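Structure first, then comments.
The values are calculated or read from the model by the stated rules, or taken from the named source; none is laboratory data. Note that the coordinates shown come from a computational prediction; the quantities given were computed from them, not determined experimentally. Note that each Cβ is placed from the backbone with ideal geometry, even for glycine, and that neighbours are counted across all protein chains shown.
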Amino acid sequence: MNKTDTNIDLINKLKKGNLFFENQSLNSDDYSKTDWVIISDYNDRIVFVNQCLIDFMNTNGFAKNIIGEKISSVFPFITEEDLIENKKMLTEKNELIFEKEYNVFEKKLQMHNRIIPVINNGKLIQMIIIINELANNNQENNKTGHTQESEKELNSMKSNFLSVVSHEFRTPLAGILSSTQLLQKYYQKWETEKNEKYLNQIVESVNYVTNILDHLSVIETDANNTITLKPVSVDISEFLEAIINENKMLFNTEVNIHKSFNLQEREHYIDKNLIRYIIGNILNNAIKFTQQSNEIFFSVDDNSQNLIFIITDFGIGIPSGEQTYIFEPFYRASNTENIKGTGFGLSIVKRMIDLYNGKIFIKSQLNKGTSITIILPKIEKEKE
């Protein structure tokens, strides 16, 4: 039996109610009892519709006899222009398969279409049009796909968040460990003042770890784009010296950090934990990415309104086309693949600076180094 005879035989089986599963020329996996089937003659008049389509039409209040009617008059979503174009293409192809959105009884439905030609003596005499609705399946598939993607993204974010927390805790924990070990060894030999110094460093580090979690929480949940600052009076020079030593201890490196603290006032009213996080993160990156030169310049200035921090390294630099992206969560420059990191720390820094109403600027050249300027407004001490 040739292809033409098979398609004619298909029509007979459809009319008898023996649906397409019995016909070997069709893949039964492509069809179900929910498909709409229309058979038209060469003049596009309907000669057969299956029960599924009849039931759909009755449900939508369209109960008239449609046999002999033009397809386009009964189903306006199948236009005469479409049918003419389909017949042209069917002279060259064994079948047409396409997807299209139709407006069916005031409902927009995404439909899968399959049109099979019935040819006798080389002429197209009828068309078998098989239509099924993709909307429900696509919605389910999209929902499933979206859920899987969301779960994958969530798992990735959880993994990255844990890496970030581990990274950010490592610096203060290293300070706690070092101070504790020194106290264990020399507590009996040192004077009270020196012991208190290291005990205070331990307390500071513990408070810092606690505040990391507080600030991360603020960044995620703050709805008004504000942050509650907790300013205290601090000797900036001593404070920054502690941050420098803490980060050098973490890397166990001989990096030379050249300091220039040009401050009009020694004491400043600042949020210690916020600035410690910001400066510590930038300094941490400078040390990490300047392994060859081992030279870093760190300057601090102030004026009547702002504190100005500048940290310059002579390391690997940032590719010019990527500098606008480095504050994006999890973004890492293309030349940092072999250097451990999460790509999340700078996004937190940027968010904290924004909430502080400050500014951050970057100048960088590939393989020459990076200079980061941070401008934070001074906080006035509340009058008692």
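For E191, are the conditions met, namely being surrounded by fewer than 16 Cβ atoms within 10 Å (Cβ to Cβ), modelled with pLDDT of 70 or more and out of contact with any Phe, Trp or Tyr (no Cβ under 7 Å at 6 or more places or on another chain)?
yes
With (1) assigned to a strand (DSSP E or B); (2) within 42 Å of the chain's Cα centre (by Cα) as the list, and F56 as the residue in question, which single condition is left unmet?
The number of the failed condition is (1).
Would you say I316 is under 26 Å from R170 (Cβ atoms) and at pLDDT 90 or above?
Here the answer is no, as I316 does not meet what is asked.
Run down I339, I375 and say which single residue is modelled with pLDDT under 75 and farther than 14 Å from N281 by Cβ.
I339
Examine segment 29-42 for a residue that is assigned to a helix (DSSP H, G or I) and at pLDDT below 70, and state whether such a residue exists.
yes
Does K64 meet the test of being at pLDDT below 70, over 15 Å from I78 (Cβ atoms) and part of a loop (DSSP other than H, G, I, E, B)?
yes
Is there a residue in segment 347-368 that is of a type outside the set (S, T, N, Q), at pLDDT below 85 and either loosely packed, with under 15 Cβ neighbours inside 10 Å or assigned to a loop (DSSP other than H, G, I, E, B) (or both)?
yes
All but one of (1) at pLDDT below 75; (2) in contact with a strand residue (DSSP E or B) (Cβ under 7 Å, 6 or more places away or on another chain); (3) not aromatic (F, W, Y) hold for N86; which doesn't?
(1)
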